[in-house]
Structures are given as structure tokens and as C-alpha cells.
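Structure, as C-alpha cells:
Read the figures in this text as sums done on the coordinates, not as results from a lab. Just so you know, these numbers come straight off a predicted model, no measurement behind them. Using ideal geometry, Cβ is built from the backbone for each residue, glycine included, and neighbour counts are taken over all protein chains shown.
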Amino acid sequence: MEYTRLGQSGLQVSRIALGCMSFGDSDRGNHAWSLGETESEPLFRQAVELGITFWDTANVYSAGSSEEIVGRAIKTYTRREDVVLATKVHGRMHDGPGGAGLSRKAILEQIDASLSRLGTDYVDLYQIHRFDPDVPVEETMEALHDVVKAGKARYIGASSMWAWQFATMQHAADLGGWTRFVSMQDQYSLMQREEEREMFGLLAAQGVGAIPWSPLARGRLARPWGTETKRTGSDAFGQTLFSDRDKPIADAVEQVAGARGVPMAQVALAWVLRHPVVSAPIVGPTKEHHLADAVAALDVHLTDDEVATLEGAYTPREPTGF
Ligand SMILES: NC(=O)c1ccc[n+]([C@@H]2O[C@H](COP(=O)([O-])OP(=O)(O)OC[C@H]3O[C@@H](n4cnc5c(N)ncnc54)[C@H](OP(=O)(O)O)[C@@H]3O)[C@@H](O)[C@H]2O)c1
């Protein structure tokens, strides 16, 4: 495993992050494809063995069940101090004013609920899952700062929003003397590159680390186009992100991987890892070889010709997923 700083912060993270949306009671929430606790166990054990110390979950994943499973896995397979634990706030957990969004009321309620489910006193990275247009940015940034000062989070991060929204929030933090975001969790893969236009330049200028979600386009970059799995049939959100026009991109990954004799996932992740603002892609494993492939991608150094082949089929598109 390689380790790096999360952006310009002092936080050391593994260059592959464990996506814990894969884990959760499939009867709770809307991830019918997620692995239950028993099925998840080998993947947590493997993550620890491979040195994958950066684990990402969210309050909404399987309606809190992901956080519960992750909290127990930390106790079973590793030590709290050896994990960089990240969770998120914004999505709806219950009816009423504290159940969703980024108001002071919601943030202060939801951090306590997450800590309770995770069985810990603090998370290392507390992320806002989306922008909330119904709350003044000053209210959100001060509440997040108070979470940090209360010792409940070590750092804060953001996820999927327009660059101007992120810049506005960072500016509010500066004016208020509050904690700034150190990370941006956004969608970035060979099938979704729109963050390169505005967001990545902003992140570079501000020393913020990108931690891309769905770096394998939810599996579409990791197997020949059209291959059906349990997840493809039940991942409703994923189905909104991609379409048949993406087939040539998957074909290009298949071609480069075939010529190298490595799995497609390694090539697709190696491409994400090349971008200098990317601290760590967040990979969602559902099978035992997935994490080993992700780690092996660190040793795949793509040539300029391979990169040209991989990027050749991309066409500008709407940013999706937020
Ligand atoms: N902030 C946000 O809004 C947001 C949104 C989405 C995700 N996330 C975070 O990002 C993490 C990753 O998201 P994701 O699961 O969508 O990402 P992903 O890594 O792009 O997709 C994971 C899927 O790819 C397939 N896969 C993974 N490794 C593979 C390998 N080596 N070989 C073949 N197939 C492989 C599996 O598909 P099959 O199961 O079909 O085999 C798996 O379900 C989540 O767990 C979560 O922590 C955040």
C-alpha cells in the first residue's frame, strides 16, 4: 500500500479507500445489492491485510446499517486509531427538521447519531454529502467547526456540488475563522470527467484532496460492457449515471487491459490515480478479488499511448450524481 496526505492536510490516508456503501443490511434503505455483515467480513479482513486504512461510509447508506457494520468491523479486525474513518451528513434519515440537510440542528443531531452507530467518539473526516441551498453557508460552516472543536471530527470534507458552491463555503470558513474542508468527494472516472473543468483546478489551488466516488463507474469500467451482475440489476441510482453511449469507453479499457494482460479494474483505477489532485479513489468491493485488484492498480503505470486510447472515446456530458 502507498500512503499520501489528504490534499495539503496532515492526514495520512491509504491511496485506495474502502467504499463502505457496499456493506449494509439490504432490507434497509435502497441498496438491494449491498453485502450483509457476514458476507462483508472477508472484505474488511482483506482491507486490513492490504493496508487499506481509509474507510468511507455515510449515515444514509442502508439507513445507518453500513455505519453499524463498519463500527463493529473496526473493533473486530483492526484498531480505531489505525483507521481513518469518514462518514457523511445531508441525506434524509427521518422526517422533521433534524433528519436531513445541513442546518445546525441537523448537523449536531446527525453527528451524534453516526458516532453512536459507529461505536466511536470521533470520526476522522466528517463530510457534507451534498450542498444544501436552504441553509446559509455560514450556519453550516460554523456548525461543522463546532463539531470539530467538540472533538467529534478531526477534519471536514465535502462531496458533489458545483465548484462555486464549494468556493463559497471555503470563503465563509475563512471569514468566520472556522475549519476549512480538506477533501472533495466527487464522481470521477473515465466515464465522468466533468470535474476536470472547474472543480479540480479549484482543489489544486486550495490544496484540497479529491477522493473520487464510483471510480469504476459502479463496475462498468471493470468488465466488458453489458455484463450483468446483482448490482447492475438493482442499483437504481447507478442506472441514472450511465448509458449505452459509454460502451466505447468500456471497450477502450478492455482493449488496454487485454494488451497488458491485467484486469480492466486495474487499468481504470490506474487512470484515476494519475491525476495529481486525486488523493485516493474510493473503491466499492463486493467480491474478494476486488480489493487486491485495486491495490495492484498502484503498480500500473499507463503509457501516453494507452492514456490516449482510454480517453479517446470520451465526450462532454452533464455532470451527474448531484
Ligand atoms: N459521495 C457520494 O455521493 C458517493 C456516491 C457513490 C459512492 N460513494 C462512495 O464511493 C464508494 C465507491 O462507490 P461505488 O461502489 O459506486 O464505486 P466503484 O468502485 O466504481 O464500483 C463498485 C462496483 O464495481 C465492481 N468492482 C469493484 N472492483 C472490481 C474489480 N476489481 N473487478 C471487477 N469489478 C469490480 C463491483 O460491481 P459488482 O458488484 O456489480 O460486481 C462493485 O459493486 C462507495 O462505497 C461510497 O463509499 C459516494
So what are the ³J(HN,Hα) numbers for the range 23-35, from phi and the Karplus equation (6.51, -1.76, 1.60; θ = phi - 60°), rounded to whole Hz, Gly and Pro as x?
10, x, 5, 5, 7, 10, x, 10, 10, 4, 8, 5, 8
Fewest Cβ neighbours within 10 Å first, please rank K88, K152 accordingly.
K152, K88
With axes computed from alpha carbons, what is the tilt in degrees of helix 137-149 against the longest principal axis of the chain, rounded to the nearest 10 within 0 to 90?
80
Using alpha-carbon coordinates, inclination of helix 264-274 to the longest axis of the chain, degrees
60
Quote the relative contact order of the chain in percent (integer), defining contacts as alpha-carbon pairs under 8 Å separated by 6+ residues.
19
Looking at the range 166-206, which trypsin sites (Lys or Arg not before Pro) are DSSP coil and have at most 15 other C-beta atoms within 10 Å of their C-beta?
R197
Gyration tensor verdict on the range 31-166 (Cα atoms; rounded if a/c is under 1.5, prolate if a/b is larger than b/c, oblate otherwise):
prolate
Determine the calculated [θ] at 222 nm for the chain from helices alone, applying -39500 (n - 2.57) to every DSSP H run no shorter than 4 residues and normalising by the residue count; nearest 500 deg cm²/dmol.
-12000 deg cm²/dmol
Helix 37-50 sits at what angle to the longest principal axis of the chain, using alpha carbons and giving 0 to 90 degrees rounded to 10?
80
Centre separation in Å (Cα based) which lies between the range 88-127 and the range 162-222:
21
Output ³J(HN,Hα) for the range 292-306: one whole-Hz value per residue in order, computed from phi by the Karplus curve 6.51 cos²θ - 1.76 cosθ + 1.60 with θ = phi - 60°, and x for Gly and Pro.
4, 4, 4, 5, 4, 4, 5, 9, 8, 10, 6, 7, 4, 5, 5
So which of K88/K230; K75/K287; K75/K149; K149/K287; K75/K152 end up more than 28 Å apart by C-alpha?
K149/K287
Approximate spin-label separation T232-D251, in nm, with each point projected 7 Å along Cα-to-Cβ:
1.6
